[in-house]
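The structure appears below as structure tokens.
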Amino acid sequence: MNPAGSPVTAPVIVAREVQKSYGANHVLKGLNCDIMPGITGLLGANGTGKSTFIGLILGLRPRNGGTLKVLGVDPQQSGPELRSLLGYAPEHHDLPGDVQAADLVRHIAQLHGLPRRAATERASDALWQVGLGEERFRPIGTMSTGQRQRVKIAQALAHDPHLLLLDEPTDGLDPVHRDDMLTLIKRVGSEFNINILLSSHLLEEVERVCDSVVILANGVATHSSTLQESRSSTAAITVELDSNPQRLAEALVARGAQTAIDGHILTVAHSSTDSTLNLIRDLVADLDLGLRRLEPRRTTLEDVFIEASQ
Amino acid sequence: MTEARIHDRGYMAYSGHRHHPRRAMLNLMVHTMQRVLGIKRTFWQKVLPVFTLAVAFIPAIVLIGIAAALPHGDTLGMESTPEYYGFITGALFLFTAFVAPEAICTDRRSGMLGLYLASPLNRDTYIAAKFAAIVAVLGVMTLGPPLLLLIAFTFADVGPDGAVEWLKELGRILAAGTAVAVFWAALSLALSSLTTRRSLASVGIFVGLLASSAVGDGLSTGAELGDSFALFNLIGLPFATVARIFGEADLDGAPLNAVDTWAIYLTLIGLIFAFSLFTRWRYQRIEVHR
């Protein structure tokens, strides 16, 4: 079962050669990616096209080329029908200050097709779920930034979307509220079974809550995989000795390996993890060196991001 | 037996009925009418809409009272709809300049436009819903009092003679009230689409209407360039239209009295289209605040 509840694991978003320009400014230059069910992080530095891509997913703007399917339909062709199944929490913090949170959430739920009574009930439920149950009749203008962020999540959730688009949801939050927000997002994805596309430029929060990641750079998707794949895709072994690893490096090079030395740490590129580990173990024993650490090098999301952004 | 209580029923998926995406327009229209009228808002935000509605209806209520109190249903000659519009020009002017901009300026300023366009609404249906909301509220002011008068005077036996005349009068009221409401709504939206600040929009509409009146009258009578220049008077144009619908060409010696009826109708319709197309053009180009 996918998070939307249907027994398929088809991608929720399929982008093929998607292009978007504003005048002479080519923002998306042939973006290709499959976004699978679950929580996906859309990573990229500012100005790499994340918000433009979200705009295209919502069908707010026509694209200049390529094909885009969201929940199986083209946003450009079936925008209103598609958007009734999407939830969207924008990046900005401005919401009408004189409106009660419950009224705003109910209004947005009604716009997404819920009858008034159901919208009222679900608005109340959604505000409880995001931790604003007691505050739901307060005007939004009297709320803190963290509470407004929660109102934005609640209005995006109340109509039970199949896909939730969150644009920089922790922007402007202090560390405590940021932590709460990430916990809430994780809960929405795992407990509520709602697919989430989380746009962010913060690696740490994507690493913490997401199942998959798509990295945008220069208008194209330069990396797309699950976080597990990203972390396990190592091609090097780290060796830490209690002395200078120069002799070990020379011995490895003599056997055709590629090495790099950084203080007492030696990085060895490999094609086969097991055979290279065995080789290093044997050489360390033969050379009578003190071994502190020997492990496949773990690729961090930061490594992937830096590589994908170049 | 112990009592069991559910403290948290968790997140529940929704499997109930969903309206067609087109219904979003109606929801936005009703929501906008409520906001414009100050419903569910603070006391001070209700003052101006309530005041303008009162200014629009009180003369009608007073006239009905007079007709009821005076012998033989005397209406003091105030049963004419075009003359009634003269009474409520101020209310319509105030509403158009100071209340209607609330319909769209605040959405752009507060970022609600981004949320609306992420819903089943699109730019065209959003503007159409806003336009319909302003027309509906203005329609209460332009149609309500004349209809109230028509019904009251009919009961006081000073209304139109016979069913045919009565229906003709009803048709004229509907046409005139709708024309005025649509014109002011189109004008208000077009000028409000230029700014996110409601106060700036109000000043723009206020100054623009007064300036158009001065320019229209100045060119037609002051500079004597011709009566047609009176069509520039955007305050006088809708009321001249009402007068022509009721077959009255004389509006207190206004320069528009000398302009052909078809020219007045065409100008009004043309301006409604021009204002509407301008608003649409503006909204097609507005970058949504994300």
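Before moving on, here are some points about what is shown:
- For A:Asp242, the conditions (1) surrounded by 13 or more Cβ atoms within 10 Å (Cβ to Cβ); (2) touching a Gly at 6+ places or on another chain (Cβ under 8 Å) all hold with the exception of (1).
- Lone qualifier among A:Ala89, A:Ala123 - being within 20 Å of A:Met143 (Cβ to Cβ), touching a residue at least 24 places away in the same chain (Cβ under 8 Å) and more than 11 Å from every other protein chain (Cβ to nearest Cβ): A:Ala123
- Among (1) in a loop (DSSP other than H, G, I, E, B); (2) away from every other protein chain (no Cβ under 13 Å); (3) touching a Ser or Thr at 6+ places or on another chain (Cβ under 7 Å) - the single one B:Glu3 does not satisfy: (3)
- Boolean, A:Arg16 is within 12 Å of chain B (Cβ to nearest Cβ), surrounded by fewer than 21 Cβ atoms within 10 Å (Cβ to Cβ) and either touching a Leu at 6+ places or on another chain (Cβ under 8 Å) or closer than 27 Å to A:His223 by Cβ (or both): no
- Condition check for A:Pro80 on (1) surrounded by 24 or more Cβ atoms within 10 Å (Cβ to Cβ); (2) within 13 Å of chain B (Cβ to nearest Cβ): one failure, at (1).
- Matching entry among A:Leu31, A:Leu58, A:Leu42 (being closer than 23 Å to A:Glu302 by Cα, of a type in the set (A, V, I, L, M, F, W, C) and within 14 Å of another protein chain (Cβ to nearest Cβ)): A:Leu42
- Flag if A:Leu279 is assigned to a helix (DSSP H, G or I) and either surrounded by 13 or more Cβ atoms within 10 Å (Cβ to Cβ) or of a type outside the set (D, E, K, R) (or both): yes
- Subset of the range A:92-120 that is within 7 Å of another protein chain (Cβ to nearest Cβ) and modelled with pLDDT under 90 - its residue that is surrounded by the fewest Cβ atoms within 10 Å (Cβ to Cβ): A:Asp94
- Residue in the range B:152-209 that is farthest from the chain's Cα centre (by Cα), counting only those that are in a helix (DSSP H, G or I) and of a type in the set (Lys, Arg): B:Lys168
- Among residues of the range B:207-228, those that are farther than 19 Å from B:Gly90 by Cα and free of Cβ contacts under 8 Å to residues at least 24 places away in the same chain, counted: 8
- Residues in the range A:142-193 that are under 28 Å from B:Ser15 (Cα atoms) and among the hydroxyl-bearing types (Ser, Thr, Tyr) were compared, and the one that is surrounded by the most Cβ atoms within 10 Å (Cβ to Cβ) is A:Ser190.
- Scanning the range B:93-125 for residues that are in contact (Cβ under 8 Å) with a residue 24 or more places away in the chain, buried (at least 24 other Cβ atoms within 10 Å of the Cβ) and not in a helix (DSSP H, G or I) gives B:Ile104, B:Ser119, B:Pro120, B:Leu121.
- Whether a residue is in a helix (DSSP H, G or I), modelled with pLDDT of 85 or more and hydrophobic (A, V, I, L, M, F, W, C) was assessed, and B:Ile66 does not pass this test.
- Residues (within 13 Å of chain B (Cβ to nearest Cβ) and in contact with a Cys (Cβ under 9 Å, 6 or more places away or on another chain)) located in the range A:187-209: A:Gly189
- Restricted to the range A:1-99, the set of strands (runs of 3 or more DSSP E) holding at least 1 residues that are over 24 Å from B:Tyr11 (Cβ atoms) comprises A:13-22, A:25-35, A:39-43, A:65-70.
- Among the conditions (1) at pLDDT 90 or above; (2) more than 14 Å from chain A (Cβ to nearest Cβ), the only one that B:Ala254 does not satisfy is (1).
- The residue that is nearest to B:Gln45 (Cα to Cα), among those in the range A:73-100 that are within 25 Å of the chain's Cα centre (by Cα) and hydroxyl-bearing (Ser, Thr, Tyr), is A:Tyr88.
- Residue match in the range A:245-252 (condition: farther than 30 Å from A:Lys29 by Cβ and not in a helix (DSSP H, G or I)): yes
The values are calculated or read from the model by the stated rules, or taken from the named source; none is laboratory data. Keep in mind the model is a prediction, meaning the values are calculated, not measured. We place every Cβ from the backbone using ideal geometry, glycine too, and count neighbours over all the protein chains shown.
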